[in-house]
Amino acid sequence: MIIDVHYHLIPGDYKRENAKAMVPELLRMAKIMGITMSENLIIQKCSELYGDKDGKKLIKLMDNAGIDFTVVCHVDNADNELLTPEVNQIINKRISDIANNHQHHLIAFAGIDPRRPEALDMLKQCFEEFGMKGLKYHPDNGFDPTSPESYLLLDYLEKNNGILLTHTGPLKNRRSKYTEPSLLSDILADFPNLRIIAAHMGQINWRPWAALAAFHPNLYGDLAMWGPLAFGKFELFCRELRDIIDYVGVESVLFGSDSPIYDVILPVKDLIERIKNLPKEAPPGISFTKEEIDAILGGNAAKLLDLK
């Protein structure tokens with residue numbers, strides 16, 4: 001079984017002008033992989049891949065890549081004046097409807113910025129009316145995940161057996177101090193039964209995440225944004241992944257793609273194949289077992305998501 005725990009579903013049109021904001025990050029990733037891409041080609045591919053009104057693009061991608069189950073999510077940002085609470089809930093509802101229509105293959109996490117005065121009511125609606133099962137945070141938008149406002153949501157999430165998927169690791173021109181994995185230590189202490197996925201495991205700053213995950217079996221990390229490293233700096237990728245497994249245990253590592261964002265330069269099917277082949281293609285001195293790879297690609301997530 002292959003499970004992707006990190007997919008950004010955009011249930012509507014995606015305009016070319018919005019794609020321009022993605023160009024610098026995608027060019028950076030392409031450079032790591034040694035790929036030359038023009039700005040116009042990136043914008044064209046973003047426009048083709050990102051908007052998905054009914055989830056058909058996602059289901060087609062899953063079929064093509066051999067993915068059995070996907071966690072789909074939305075990202076809220078209270079600083080975005082166009083993203084009013086009403087608009088945000090419309091998007092959450094659309095995503096939940098798509099997931100509910102494909103309940104054997106999809107599960108939906110709500111995107112809610114805890115800085116909103118009505119954030120708790122929004123989360124309750126997402127769970128109790130829409131049927132969503134988790135919460136997606138992007139603290140780099142400018143909020144502290146350990147703030148009192150955030151704790152209101154996390155308390156509800158823990159009591160309702162939800163899962164937190166929160167971005168960790170730096171991003172360009174973002175409030176990255178709020179994405180430090182060490183901030184999760186207070187959350188783990190105050191919500192010991194809350195299951196948490198640290199998206200990206202802090203990226204290059206994965207060791208603080210690993211230090212926490214080694215002591216907290218309810219803390220996981222996904223491999224989203226690690227794809228370009230797996231192709232552009234393969235030996236480094238293998239060495240880091242091996243160290244993560246040895247420090248923390250393979251059971252804490254999940255497969256996440258961040259699709260369709262990086263499919264512009266790296267099809268998720270290719271990334272899955274690269275990870276699948278690690279037992280036979282890892283560099284000398286670094287080894288992975290088939291059991292470890294099976295756990296990362298889906299076994300661990302199946303347990304976390306309570307999939308039968």
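The values are calculated or read from the model by the stated rules, or taken from the named source; none is laboratory data. Just so it is clear, the structure is predicted and the values come from calculations on it, not from any experiment. Here the Cβ is made from the backbone with ideal geometry for all residues, glycine too, and neighbour counts use every protein chain on show.
What the table below lists for this structure:
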quantity: Counted residues, region 170-185 - those being surrounded by fewer than 22 Cβ atoms within 10 Å (Cβ to Cβ), of a type outside the set (D, E, K, R) and under 14 Å from residue 212 (Cβ atoms); calculated: 3
quantity: Members of region 244-260 found to be among the aromatic types (Phe, Trp, Tyr) and closer than 27 Å to residue 75 by Cα, listed by number; calculated: 255
quantity: Residues satisfying the stated conditions in region 266-291, i.e. within 30 Å of residue 51 (Cβ to Cβ) and either hydrophobic (A, V, I, L, M, F, W, C) or not in a helix (DSSP H, G or I) (or both); calculated: 266, 267, 268, 271, 272, 275
quantity: Whichever residue in region 55-76 is of a type outside the set (Asp, Glu) and without any contact (Cβ under 8 Å) to a residue 24 or more places away in the chain and, among such residues, is nearest to residue 256 (Cα to Cα); calculated: 60
quantity: Residue 229 vs. criteria farther than 30 Å from residue 153 by Cα, of a type outside the set (S, T, N, Q), out of contact with any Pro (no Cβ under 8 Å at 6 or more places or on another chain) and part of a helix (DSSP H, G or I); calculated: yes
quantity: Condition broken by residue 98, with the remaining ones in (1) farther than 18 Å from residue 224 by Cβ; (2) in contact with a Leu (Cβ under 6 Å, 6 or more places away or on another chain) satisfied; calculated: (2)
quantity: Residue count for region 187-226, restricted to those that are outside any loop (DSSP other than H, G, I, E, B), of a type outside the set (Lys, Arg) and within 26 Å of residue 160 (Cα to Cα); calculated: 17
quantity: Criterion (free of Cβ contacts under 8 Å to residues at least 24 places away in the same chain and not hydrophobic (A, V, I, L, M, F, W, C)) met by exactly one of 177, 172, 136, 124; calculated: 177
quantity: Matching entry among 294, 306, 263 (being part of a loop (DSSP other than H, G, I, E, B) and closer than 28 Å to residue 162 by Cβ); calculated: 306
quantity: Checklist (1) modelled with pLDDT of 95 or more; (2) within 19 Å of the chain's Cα centre (by Cα); (3) farther than 25 Å from residue 192 by Cβ applied to residue 137, failing item; calculated: (3)
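Here's the yes/no breakdown for (1) under 19 Å from the mean Cα position of the chain (by Cα); (2) surrounded by 23 or more Cβ atoms within 10 Å (Cβ to Cβ):
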residue	(1), (2)
187	yes, no
191	no, no
197	yes, yes
211	no, no
215	no, no
219	yes, yes
234	no, no
238	no, no
242	no, no
